[in-house]
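See structure below.
What follows draws every value from the coordinates through simple rules; no lab data is involved. None of the values given here were measured: they were computed from a predicted structure. Glycine also receives a Cβ, built like all others from the backbone with ideal geometry; neighbour counts cover every protein chain displayed.
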Amino acid sequence: MVVIGGGPAGLAAAHAATEAGARVTLLDRHPELGGVLPQCIHPGFGLKLYKEELTGPEYAWRWIAQLGEVQVFVETMVFAIEPGLRVWASSAEQGVLAIDCRALVLAMGCRERTRGMLGIAGTRPAGIMTAGTAQRLVNIYGLMPGKRVAILGSGDIGMIMARRLAWEGAQVVGVFEIMPYLCGLRRNYVQCLLDCGIPLHLSHTVIRVNGAKRLSSITVAPVDERLRPQAARAFEVEADTLLLSVGLIPENELTLAIGAELDPATRGPVVTSRMETSVPGVFAAGNVVHVHDLADDVSIAGQTAGQWAAAYACGGSSPGGKRLRIRPDANVRAVVPQLLVLPDVLEQGASLLLRAGCHHEGPCSLELVDAEKEQVLASKELPYARPAEMIHWWIPPRAARHLDRASQLLARIRVGR
Ligand SMILES: Cc1cc2nc3c(=O)[nH]c(=O)nc-3n(C[C@H](O)[C@H](O)[C@H](O)COP(=O)(O)OP(=O)(O)OC[C@H]3O[C@@H](n4cnc5c(N)ncnc54)[C@H](O)[C@@H]3O)c2cc1C
């Protein structure tokens, strides 16, 4: 079988599949394995799986060291997948490769949203880049992107880079967030912004970039409750660098090309609880499926995909069983997996990852509801609902046994009593 992408999802999938007896080829377009981890030199990885606080490179190395029999091709870019599972790749060393496989794991990760996707007015000066690009410049190449830095968006990468650049001597003038709430993890807000004295401006956005060859300033405006900038109250902030931390997009060109169903809410493939897509034999895991907060969860999903892909590769098909669809409903933006394989769930329970579609600082309940009968089949109390923080819901087999009464489920967050 073939795994595309050597980040934490692909590494875990390749490892689990070899352990399960499959012959695995792992392909990655970068010269090194690890995906985004080699540039994430801050600690915070591995707390869940290893109960240790590791840096990104240390976490990646734990997985790379376990690859064993896996055949690895780096600097190898997959550019097409044919039906019947022939994978086409272009390799720096081997030229064009055509690899036939019985099962495939998609683990291509995601990419950052760029200025072009935001449509900010102004000129095209140097000094505007994504937070991940700045991270690569500083942490891999040892280059500083600028001296006076502003950050648009309160995503995790932006907050981590705010701290990193402040530590390297830059003046970080502020983080500007269009939403009225933080869009990254609270721990990053405390450790990266509060601890470094970097101001966070909620309900503010950049409406113009100014400068000829190099960025000289940005024009910032507060937004109203419908996120419309209030130009009359705009002000100018001097900056030679603007980092964009405004969201990640799952990298799904190949997924679309093989005809897998995509979920508009996650922008990733619809997957079963076995991480199988709608194309038989094609599995997916990690940020290609939906954007995760933690690399540990990515690795766990990769293991599931790898185990089931190996079973498919060795057995020729997926073991059967009724699939139960879950759709996001009130106050839920997305739920993964979108399909539960009932025999597995009744035996082993179900693990769901959800994104809230509302921001509520107070107790609320998460419910799985029979879509036809409007009957609550499982529920969980939450201390709050924040769109930036993924909700983990483990439904043990005892609680999951009611789920097979429904033909379709709705996931809801009930706010207030
Ligand atoms: C800046 C930053 C900070 C983070 N901080 C933390 C943290 O503190 N703690 C934590 O737990 N998590 C953190 N994360 C999250 C974690 O790193 C990601 O969730 C995780 O790396 C996603 O893993 P992945 O395998 O899905 O994708 P990636 O790591 O992105 O790997 C995908 C791989 O696929 C390859 N690829 C893509 N397309 C192709 C193709 N066509 N052919 C061949 N190869 C291809 C890419 O080259 C890449 O190597 C952070 C992420 C970022 C970006």
Within 10 Å, count the other beta carbons around each residue, average over each peptide in 11-22, 234-245, 119-130, 370-381, and list them highest first.
11-22, 234-245, 119-130, 370-381
Can you give me the distance in nm between label points at S317 and K213, each placed 7 Å from the Cα along the Cα-to-Cβ direction?
6.7 nm
In whole Å, how far is the Cα centre of the stretch 400-417 from that of the stretch 302-325?
25 Å
Dipole of the chain (Lys/Arg Cβ +1, Asp/Glu Cβ -1, origin at the Cα centre): which of L97, T304, N188 lies farthest to the positive side?
N188
Expressed in nm to one decimal, what extension gain is obtained for the pair S90 and D195 from 0.36 nm per residue of sequence separation less their Cα-Cα distance?
33.3 nm
At a 10 angstrom cut-off on C-beta neighbours, averaged per residue, how do the peptides 309-318, 392-401 rank from highest to lowest?
309-318, 392-401
Quick one: grab the alpha carbon gyration tensor of the stretch 114-246, order the square roots of its eigenvalues as a ≥ b ≥ c, and give me rounded if a/c is under 1.5, else prolate or oblate depending on whether a/b is larger than b/c.
oblate
Note, the stretch 388-403: 3J(HN,Hα) by Karplus (6.51, -1.76, 1.60, θ = phi - 60°), whole Hz, Gly/Pro = x, goes 6, 10, 4, 9, 9, 10, 9, 9, x, x, 4, 7, 6, 5, 7, 5
What is the Cα centroid distance between the stretch 1-76 and the stretch 170-212, reported in whole angstrom?
32 Å
At a Cα cut-off below 29 Å, give the lysines reachable from K51, other chains included and same-chain residues fewer than 8 away excluded.
K380
How about the stretch 131-207: which trypsin sites (Lys or Arg not before Pro) there are in a DSSP loop, with at most 15 other Cβ atoms within 10 Å of their Cβ?
K147
Relative to the longest principal Cα axis of the chain, at what angle does helix 295-315 sit, 0 to 90 degrees, rounded to 10?
30 degrees
With label points set 7 Å from each Cα along the Cα-to-Cβ direction at A399 and K51, the distance between them in nm comes to 2.4 nm
Along the stretch 235-248, what does the Karplus equation 6.51 cos²θ - 1.76 cosθ + 1.60 (θ = phi - 60°) give for ³J(HN,Hα), rounded to whole Hz, x for Gly and Pro?
9, 9, 10, 5, 6, 9, 9, 10, 9, 9, 10, 10, x, 10
Net length gained if the chain between A80 and W61 were fully extended (0.36 nm per residue, minus Cα distance):
4.0 nm
By the gyration tensor of its Cα atoms, with a ≥ b ≥ c the square roots of the eigenvalues, what is the shape of the stretch 325-415: rounded for a/c under 1.5, prolate for a/b over b/c, or oblate?
prolate
The stretch 214-307: which trypsin sites (Lys or Arg not before Pro) are DSSP loop and have at most 14 other beta-carbon atoms within 10 angstrom?
R226
Percentage relative contact order, the chain, counting C-alpha pairs under 8 Å, at least six apart:
15 percent
C-alpha center-to-center spacing [the stretch 107-131, the stretch 213-280] in angstrom
9 Å
Cα shape, the chain, gyration tensor, a/c 1.5 rule:
oblate
Length gained when the stretch L227-A126 is fully extended (0.36 nm per residue, less Cα-Cα span):
33.6 nm
Going through the stretch 146-226, which chymotrypsin sites (Phe, Trp or Tyr not before Pro) have at most 15 other Cβ atoms within 10 Å and a DSSP loop state?
Y181
If I model a spin label as a point 7 Å beyond the Cα along the Cα-Cβ vector, how far apart are those points for I249 and E236 in nm?
3.2 nm
Suppose only helical runs count, i.e. DSSP H with n ≥ 4. What mean residue ellipticity at 222 nm does that imply for the chain under -39500 (n - 2.57) per run, divided by all residues and rounded to the nearest 500 deg cm²/dmol?
-5500 deg cm²/dmol
Value of relative contact order over the stretch 121-235, rounded to a whole percent, pairs C-alpha under 8 Å and six or more apart
25 percent
For the stretch 58-67, in residue order, the Karplus 3J(HN,Hα) values (coefficients 6.51, -1.76, 1.60; θ = phi - 60°; whole Hz; Gly and Pro = x) are 5, 4, 4, 5, 4, 7, 4, 5, 9, 5
